[in-house]
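What follows is a single structure, written as structure tokens, with notes after it.
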Amino acid sequence: MRVLQRGRGQAAEALTLFVQAGVRGEGMLRRLAEAGHTVAALGRDDEKRSAIAELGARPVASLAEVAAGADAVIVCVFTDEQVRRVCLDDGLLAAMPSGSVLVLHTTGSPSTAEALAEAGRPGGIAVVDAPVSGGPHDIAAGTVTVFAGGAEAAVQTVRPALSAYAEPVLHVGPTGRGQRVKLVNNTLFAAQIGIVAEAVRLAGRLGVDEATLLSALPHGSGTSRALTSIAAAGSADRFIAAVGEFVGKDVAVIRATVAELGGDLGMLDDAVDAGLAGSRRS
């Protein structure tokens, strides 16, 4: 992503280069284009390149084109392994020019962001891990939250582009800290899902059906983002079936990260398991 700061009163123009747009990335591309940024994104076949063009972005066909002349590149893939493959094995990081910034939207291990920062340092490439909290509807509204970890200068370089689809963009510390904050956030959310699922089972034992419970509780002191999301889905099992894969992936990462430090999730473990159990039943 090339960010060209113009003079006072003029909009900042950005050539934003995406690797693997996906569902969330499509919304980001659209918001960037609508904000007046010049956007390019990787499309590996004609169908994907056509879809990118319809979003207002310029399609490119290779990682070399993504990296060429970029001031920053945003990677938005599903797994930590894909981040490592794209950035290291497929040569994206090595192809980026000195002084550029690599932005990682994928939720994954803090050690991956830190390893990429170490690998990029000799070439003068900064890394900002910037996992997002929220869904495609939040991106479309420009209100998804970004937890950004990285050097202050690097975060400020990419902030104009991130702000096209994110509010707030929270700088939470050095590289790797964004992932740590997001993993704690997702663990708390998973625990809240489990608590709601247990509350539904408790209500059943008390003779209160789930539909009645979910219509009432969002108006009480026990409400939460998880509860309102489950209520909107119509049932705990339905919501868990929809998000279980994503939540489970992130919980596995934080469990592994905490285990490396000789710890565990403590009292959160049981609540998280109650939520993920619904996903396994579906």
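The values are calculated or read from the model by the stated rules, or taken from the named source; none is laboratory data. Please read these numbers as outputs of a predicted model, since none were measured by experiment. Quick reminder, even Gly has a Cβ in these numbers, built from the backbone with ideal geometry, and neighbours come from all protein chains shown.
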Take the conditions modelled with pLDDT under 85, over 20 Å from Thr107 (Cα atoms), out of contact with any His (no Cβ under 7 Å at 6 or more places or on another chain) and among the hydrophobic types (A, V, I, L, M, F, W, C) and apply them to Ala277. Does it pass?
yes
Listed by range, strands (runs of 3 or more DSSP E) wholly within segment 101-156 having at least 2 residues that are touching a strand residue (DSSP E or B) at 6+ places or on another chain (Cβ under 8 Å), among the basic types (Lys, Arg) and at pLDDT below 95 are none
Quick count over segment 247-268, residues being of a type outside the set (Ser, Thr, Tyr) and surrounded by 15 or more Cβ atoms within 10 Å (Cβ to Cβ), is 11
Those residues of segment 54-87 which are of a type outside the set (S, T, N, Q) and assigned to a loop (DSSP other than H, G, I, E, B) amount to Leu55, Gly56, Ala57, Ala61, Ala68, Gly69, Ala70, Asp71, Cys76, Val77, Phe78
Every listed condition ((1) surrounded by fewer than 22 Cβ atoms within 10 Å (Cβ to Cβ); (2) farther than 13 Å from Gly108 by Cα; (3) of a type in the set (A, V, I, L, M, F, W, C)) holds for Ala166 save (1)
Discussion item. Taking the conditions exactly as written (part of a helix (DSSP H, G or I) and either touching a Cys at 6+ places or on another chain (Cβ under 8 Å) or modelled with pLDDT under 90 (or both)), does Gly248 satisfy them or not?
Written reply: yes
Those residues of segment 43-75 which are on the phi > 0 side of the Ramachandran plot and at pLDDT below 85 amount to Gly69
Being surrounded by fewer than 22 Cβ atoms within 10 Å (Cβ to Cβ), under 28 Å from Pro168 (Cα atoms) and touching a residue at least 24 places away in the same chain (Cβ under 8 Å) narrows Thr79, Thr107, Thr112 down to just Thr79
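Of the residues Ala119, Ala141, which single one is more than 19 Å from the chain's Cα centre (by Cα) and surrounded by fewer than 24 Cβ atoms within 10 Å (Cβ to Cβ)?
Ala119
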For Gly244, the lone unmet condition from (1) crowded, with 19+ Cβ neighbours inside 10 Å; (2) farther than 22 Å from Pro131 by Cα; (3) of a type outside the set (Val, Ile, Thr) is (2)
Query - Any hit, segment 191-207, residues being surrounded by fewer than 16 Cβ atoms within 10 Å (Cβ to Cβ), outside any helix (DSSP H, G or I) and without any contact (Cβ under 8 Å) to a residue 60 or more places away in the chain - result: yes
